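Presented below is the structure to which this report refers.
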Amino acid sequence: MKLKEVNNYDDFITLRDSWQGVLQQCDHSIFSTWEYLSTWWKYYGKDANLRVLLTQENEEILSIAPLMLSKHTSHFGSLHKIQFIGHGSDYAEFILPKENTKCLELFLDYLLQFSDWDILELEGINEKSTTAKALLAIRNHYTPELELNDWSSCSYICLSNSLRDFMKSLSRNVRKNLDRRMRRLKENYKVEFKTQNDFDSVRAAMETFFNLHDKRWNSKGEEGVFATEVNRDFHVSLAETFNEKGWLALYFLTVDDEPISAAYTYDYDQKKYGCLTGFDPNFGQFGIGNLLKIHIIEECFRKQFSEYDLGRGSESYKTEWATGVRKNLAMGMTKGGWRVPLLLWLSNIKKHLYA
């Protein structure tokens with residue numbers, strides 16, 4: 001077994017087909033697909049350096065470490081971090097054969113040979129994933145210490161039972177409100193559910209979604225995720241790519257042909273991944289977010305999905321529907337003696353002072 005580093009974009013592009021082949025042998029989420037990571041890199045990777053590591057045997061790729069090296073500057077100095085490509089996404093992981101720690105040890109041993117990074121900061125590791133299990137198995141083998149800490153949580157709906165059983169699991173009050181609000185809406189409007197396929201293009205559907213997302217946040221005096229052009233461009237490009245793969249599921253609730261609620265989701269490997277939502281606050285009294293959500297849940301059961309992942313965060317509109325919550329972990333390792341912990345401590349103090 002040997003290790004290869006890919007550190008330029010042209011070589012990264014050539015990995016597309018073999019990447020998919022490795023994924024089929026490994027535990028992973030949609031956020032580790034080549035399509036997701038290559039699109040993310042295109043829009044957010046300009047200030048970082050690729051450091052994708054591959055383990056190979058007889059020229060066959062066995063595992064992948066989708067990493068990058070980035071520089072973070074504060075008033076107290078600069079730190080260089082090894083992070084997952086797609087940093088900040090709901091999930092991230094090493095793409096590893098199941099129950100195999102040897103590949104992970106090769107990745108870490110290789111990185112420790114270099115002095116161009118200060119911190120290994122890998123966030124979004126599903127606590128039940130192969131990556132988490134492998135890290136727990138080898139964490140005591142390394143100096144400096146390899147730390148694993150809680151980072152975030154993701155609520156999810158298990159779809160192993162029937163839709164009827166799921167509806168019974170909701171409180172009687174919730175069921176009554178859903179029926180009453182839908183009935184009131186239908187008494188006053190022509191109500192329909194639509195998808196991106198009902199628009200002239202994916203871009204047009206995404207623009208409608210952006211507007212609804214912005215309306216929701218602007219009504220609270222805040223900016224939404226899509227206030228920046230780069231975020232809008234990234235998600236349009238990603239949506240177009242995912243739509244070609246059959247992975248995009250963009251839902252709209254409309255009244256008199258006017259979209260008033262939207263949910264931006266992904267379908268992958270018999271799972272639904274919730275990304276972001278939006279709605280028109282003028283229709284808030286109808287609970288339109290929940291009316292759209294129950295429609296999506298019905299669609300998940302119809303497609304025989306195993307799970308609807310509601311995404312990172314503990315907002316009530318996620319947790320009140322969830323049947324379970326999973327933790328995501330962050331893996332950390334520091335180098336450079338006392339300097340790096342001191343800079344991290346000073347930066348954290350400033351964060352709290354000015355929060």
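Every read-out reported here was derived from the displayed coordinates using simple, explicitly stated rules and does not represent laboratory data. Since this is a predicted model, take the numbers as computed values, not measurements. Methodologically, a virtual Cβ is constructed for each residue, glycine included, from the backbone with ideal geometry; neighbour enumeration extends over all protein chains shown.
Length gain on complete extension for the stretch residue 115 to residue 4, per 0.36 nm per residue less the alpha carbon to alpha carbon distance?
On the way: separation 111, 0.36 × 111 = 39.96 nm, distance 1.82 nm.
Length gained, residue 115 through residue 4: 38.1 nm.
Once phi is turned into θ = phi - 60°, what whole-Hz ³J(HN,Hα) does the Karplus curve with 6.51, -1.76 and 1.60 give for every residue of the range 164-175, x standing for Gly and Pro?
3J(HN,Hα) across the range 164-175, in whole Hz: 4, 5, 4, 4, 5, 6, 6, 5, 4, 5, 4, 4.
Computed from the mean reciprocal separation of all distinct C-alpha pairs, what Kirkwood hydrodynamic radius does the chain have, in Å?
Working: mean 1/r = 0.0451 Å⁻¹.
22.2 Å is the Kirkwood radius here.
Provide Rg and Dmax in Å for the range 161-305, with only Cα atoms included in the calculation.
15.5, 43
Around residue 133, with a cut-off of 15 angstrom between Cβ atoms, what is the net charge of the other residues, counting Lys and Arg +1 and Asp and Glu -1?
Details: positive: 98, 102, 128, 139, 326, 327; negative: 27, 93, 99, 105, 127.
Residues close to residue 133 contribute a combined charge of +1.
Nearest 500 deg cm²/dmol is fine: what mean residue ellipticity at 222 nm does the chain get from its DSSP H runs of n ≥ 4 alone, each adding -39,500 (n - 2.57), divided by its residue count?
Calculated from helices alone, the mean residue ellipticity at 222 nm is -11500 deg cm²/dmol.
Among the aspartates and glutamates, which have Cα under 19 Å from the Cα of residue 190 when same-chain residues fewer than 8 positions away are ignored?
Result set, ordered by chain and number: 179, 198, 256, 257, 258, 280.
Any idea how far apart residue 230 and residue 49 come out in nm if each label point goes 7 Å out from Cα toward Cβ?
So the label points at residue 230 and residue 49 sit 1.9 nm apart.
Give 128/215; 186/271; 98/272; 220/303 a once-over and call out the pairs whose C-alpha atoms are over 28 Å from each other. Mind showing how you got there, number by number?
Details: 128/215 37 Å; 186/271 31 Å; 98/272 23 Å; 220/303 36 Å.
From the list (128/215; 186/271; 98/272; 220/303), the Cα-Cα distance tops 28 Å for 128/215; 186/271; 220/303.
What's the extension gain from residue 105 to residue 257 if we count 0.36 nm per residue and subtract their Cα-Cα distance?
Details: separation 152, 0.36 × 152 = 54.72 nm, distance 5.56 nm.
Contour length minus the Cα-Cα distance gives 49.2 nm.
If amide H atoms are built 1.01 Å from N in the plane of the peptide, which residues on other chains or at least 5 residues away come under 5 Å of the amide H of residue 85?
Those qualifying (amide H under 5 Å, at least 5 residues apart or on another chain) are 67, 68.
For residue 311, which sequence-distant residues (separation of 5 or more, or a different chain) have an amide H within less than 5 Å of its own amide H, given hydrogens modelled in the peptide plane?
Here 155, 274 satisfy the definition.
With an 8 Å cut-off on Cα pairs and a minimum separation of 6 or more residues, tell me the relative contact order of the range 161-305 in percent. Intermediate results must be reported in sequence, preceding the final value.
Details: 183 pairs, mean separation 37.9, N = 145.
Computed over the range 161-305, the figure is 26 percent.
How are the alpha carbon pair distances in the range 1-105 distributed across 10 Å bins from zero to the largest one, expressed in percent?
Final binned percentages: 14, 49, 29, 7, 1.
Please list, in chain and number order, the residues 5+ apart from residue 92 or on another chain whose amide H is under 5 Å from its amide H, with Hs placed from the backbone.
Close amide H contacts, sequence-distant or interchain: 125, 126.
Show me, for the range 23-38, the HN-Hα J-couplings you get by feeding each phi into the Karplus relation (A = 6.51, B = -1.76, C = 1.60, θ = phi - 60°), rounded to Hz, glycine and proline as x.
Working through the residues one at a time gives 4, 5, 9, 10, 5, 6, 10, 5, 6, 10, 6, 4, 4, 5, 5, 5 Hz.
Per residue of the range 211-227, in order, report the coupling 6.51 cos²θ - 1.76 cosθ + 1.60 (Karplus, θ = phi - 60°) as ³J(HN,Hα) in whole Hz, putting x for Gly and Pro.
4, 5, 5, 5, 4, 4, 6, 4, 5, 9, x, 10, 9, x, 4, 9, 5
Measure nothing fancy, just the Cα-based angle from helix 288-302's long axis to the longest principal axis of the chain, in degrees from 0 to 90, nearest 10.
Roughly 70 degrees between the two axes.
Taking the alpha-carbon distance from residue 335 and a cut-off under 17 Å, which lysines remain once sequence neighbours fewer than 8 residues away in the same chain are dropped?
List returned: 71, 81.
Out of the chymotrypsin sites (Phe, Trp or Tyr not before Pro) in the range 271-342, which ones are loop residues according to DSSP with at most 15 other C-beta atoms within 10 Å? Numbers along the way, then the final one.
Values: sites: 273, 279, 283, 286, 301, 305, 308, 317, 321, 338; in loops: 305, 321, 338.
Those that pass, being in a loop and sparsely packed, are 338.
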